[in-house]
1. Residues that are closer than 21 Å to residue 1 by Cβ and in contact (Cβ under 8 Å) with a residue 60 or more places away in the chain: list the strands (runs of 3 or more DSSP E) wholly contained in the range 34-120 that include at least 1 such residues.
2. I need the full set of residues from the range 101-120 which are within 14 Å of residue 19 (Cα to Cα) and either touching a strand residue (DSSP E or B) at 6+ places or on another chain (Cβ under 7 Å) or exposed (fewer than 12 other Cβ atoms within 10 Å of the Cβ) (or both), in order please.
3. Only one of (1) more than 20 Å from residue 30 (Cβ to Cβ); (2) touching a helix residue (DSSP H, G or I) at 6+ places or on another chain (Cβ under 7 Å); (3) surrounded by 15 or more Cβ atoms within 10 Å (Cβ to Cβ) fails for residue 89. Which number is that?
4. Does residue 21 meet the test of being assigned to a helix (DSSP H, G or I), closer than 19 Å to residue 1 by Cβ and touching a helix residue (DSSP H, G or I) at 6+ places or on another chain (Cβ under 6 Å)?
5. Kindly indicate which of 75, 40 is at pLDDT 90 or above, out of contact with any helix residue (DSSP H, G or I) (no Cβ under 7 Å at 6 or more places or on another chain) and either more than 23 Å from residue 116 (Cβ to Cβ) or surrounded by fewer than 14 Cβ atoms within 10 Å (Cβ to Cβ) (or both).
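The values are calculated or read from the model by the stated rules, or taken from the named source; none is laboratory data. From a predicted model like this one, the values you see are computed outputs, not experimental measurements. Please note: Cβ atoms are built from the backbone with ideal geometry, for glycine as well, and neighbour counts cover all protein chains shown.
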């Protein structure tokens with residue numbers, strides 16, 4: 001179920017390269033990468049998990065509420081992260097000119113389904 005869901009997000013997002021379901025300790029549950037990707041999405045996810053945890057702590061310190069989404073753009077990719085619950089997040093990496101809005105929408109729709117599946 002997880003791999004197919006990630007594949008749907010990647011293939012449904014113009015410019016999508018890879019998708020990942022990971023816990024905040026940097027342990028991947030599942031991933032999907034289009035052939036020919038120039039990076040390992042699991043390595044990206046492990047590094048990003050540290051960043052998201054830091055953002056969550058800052059949000060708590062500022063009393064801004066829970067972090068639900070993080071996005072960052074570099075020269076070679078844009079990465080969107082959607083927090084599922086206190087333990088897991090889902091991410092999609094895309095080309096810099098990829099469809100950010102579609103990626104955000106697909107992750108927002110997918111996150112509750114993943115949360116339900118992870119709870120069972």
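1. 88-94
2. Of everything in the range 101-120, those that are within 14 Å of residue 19 (Cα to Cα) and either touching a strand residue (DSSP E or B) at 6+ places or on another chain (Cβ under 7 Å) or exposed (fewer than 12 other Cβ atoms within 10 Å of the Cβ) (or both) turn out to be 103, 104, 107, 108, 110, 111, 114.
3. Of everything listed in (1) more than 20 Å from residue 30 (Cβ to Cβ); (2) touching a helix residue (DSSP H, G or I) at 6+ places or on another chain (Cβ under 7 Å); (3) surrounded by 15 or more Cβ atoms within 10 Å (Cβ to Cβ), residue 89 misses just condition (1).
4. no
5. Matching residue, one of 75, 40: 75.
Rundown of residues vs (1) modelled with pLDDT under 85; (2) touching a helix residue (DSSP H, G or I) at 6+ places or on another chain (Cβ under 6 Å); (3) under 27 Å from residue 11 (Cα atoms), yes/no style:
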{"site": "28", "(1), (2), (3)": "no, yes, yes"}
{"site": "31", "(1), (2), (3)": "no, yes, yes"}
{"site": "35", "(1), (2), (3)": "no, no, yes"}
{"site": "46", "(1), (2), (3)": "no, no, yes"}
{"site": "52", "(1), (2), (3)": "no, no, yes"}
{"site": "55", "(1), (2), (3)": "no, no, no"}
{"site": "60", "(1), (2), (3)": "no, no, no"}
{"site": "65", "(1), (2), (3)": "no, no, no"}
